[in-house]
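Read the structure below first, then the notes.
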Amino acid sequence: MKKMTWAIAVLPMLITAAAINFLPEKVPTHYGAAGDPDRWGSRFELFIFPVLILLIVGMMELFAHLAENETRFSQKKNRPAGKENAAVFRKTATISAVIMCVVQIIFIIKACAYGKVDNLDIDLNRATCLIMGIMLVAVSNYMPKTRRNSNIGFRCSWSLYNDTTWQKSNRFAAVAMTVAGLCAIISSSFAGGLAAIMLLLGYIMAGTVISLVYAKKVYDEEKAAEKAKE
């Protein structure tokens, strides 16, 4: 898994290096809320995102290593919990690398579109809505598989209270974020520009708020059950 993730993470750098000589000297390097370029720079600035991809994957691999050795919520005799969390980190890193690779390819296509090739134009905000929707669905699938920890999963003081609040909160949050991702994917078929981004943020916000409300409900139930036993 690690070798495949790093291979995917290096791919955007190789694609950019292969395409750089075919791009105009000046390319869009930043896009406004409407998806139109608001800053132009050297074509070599397109290497910045591939470098960030490598740094992000490296950071997630570091978190995976730390998760394997974490003992804050589990004793050494319960090491499988750390290994499971590390596996989720690495799977998330792979998914993130794939998504970011696609984003870099879109950046390169956009650079061509604003250069000489007009028929390659892409609505960047619509593409972002679609890609983030796919990422939400993919990553949410692993949330219920995590054990209580301080690095990955749906983390708040209520969900971290005990193993029961963690499991229930993460299962619910996984469903909420999957629904948010599916809504974003569907929205990308009819909404573009700023509307696509606003809908995406609205779905994520709604999923987060609903998950927090549910986590608080589970926490209150656990506290009440503990008091009843006393």
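Values in this text are rule-based calculations from the coordinates and carry no lab data. Remember, it's a predicted structure, so these values are computed and weren't measured experimentally. Glycine gets a Cβ as well: all are built from the backbone with ideal geometry, and neighbour counts include every protein chain shown.
In a reduced charge model with +1 at each Lys and Arg Cβ and -1 at each Asp and Glu Cβ, region 123-225 shows a dipole moment near 240 debye about its Cα centre. Treating only the Cβ of Lys, Arg, Asp and Glu as charged (+1, +1, -1, -1), what charge dipole size does the chain show about its Cα centre? Round to the nearest 20 debye. Dipole about the Cα centre, nearest 20: 940 debye. Of the residues ALA17, GLY58, VAL209, the one whose Cα sits farthest towards the positive end of the charge dipole of the chain is GLY58 (charges of +1 on Lys and Arg Cβ, -1 on Asp and Glu Cβ, taken about the Cα centre). In whole angstrom, how far apart do the alpha carbon centroids of region 165-230 and region 23-58 sit? Region 165-230 and region 23-58 have Cα centres spaced 32 Å from each other. For the listed peptides 96-108, 15-27, a ranking on the average number of other beta carbons within 10 Å per residue, highest first, reads 96-108, 15-27. Counting charges near GLU61 (Lys, Arg +1; Asp, Glu -1) among other residues having Cβ under 14 Å from its Cβ returns a value of +3.
A Förster radius of 41 Å, combined with the Cβ-Cβ distance separating ASN21 from MET59, puts the computed FRET efficiency at roughly 0.85.
Once a ≥ b ≥ c are taken as the square roots of the eigenvalues of the Cα gyration tensor of the chain, is the result rounded (a/c under 1.5), prolate (a/b larger than b/c) or oblate (a/b not larger than b/c)? Here the chain falls in the oblate category.
Taking amide H positions as modeled 1.01 Å from N, with prolines and chain starts lacking one, the residues under 5 Å from TRP40 and 5 or more places away or on another chain are THR29.
Summed over all non-identical Cα pairs, the Kirkwood treatment of region 123-225 gives a radius of 14.0 Å. Working from Cα pairs under 8 Å separated by at least six residues, relative contact order for the chain is 19 percent. Of the chymotrypsin sites (Phe, Trp or Tyr not before Pro) in region 133-230, the ones in a loop by DSSP (not H, G, I, E or B) with at most 10 other beta carbons within 10 Å are PHE190. The HN-Hα couplings worked out from phi for region 131-147 by the Karplus form 6.51 cos²θ - 1.76 cosθ + 1.60 (θ = phi - 60°) are 5, 5, x, 4, 5, 4, 5, 5, 6, 4, 4, 9, 4, x, 8, 7, 9 Hz, whole numbers, x standing for Gly and Pro. Ordering LEU136, SER169, ALA191 by Cα displacement along the dipole of region 123-225 toward the positive end leaves SER169 in first place; charges were set at the Cβ atoms of Lys, Arg (+1) and Asp, Glu (-1).
The lysine pair count for region 108-230, using Cα distances under 15 Å and pairs eight or more places apart or on different chains, is 4. Here the extension length gained between LYS223 and ALA195 equals 5.9 nm, from 0.36 nm per residue of separation less the Cα-Cα distance.
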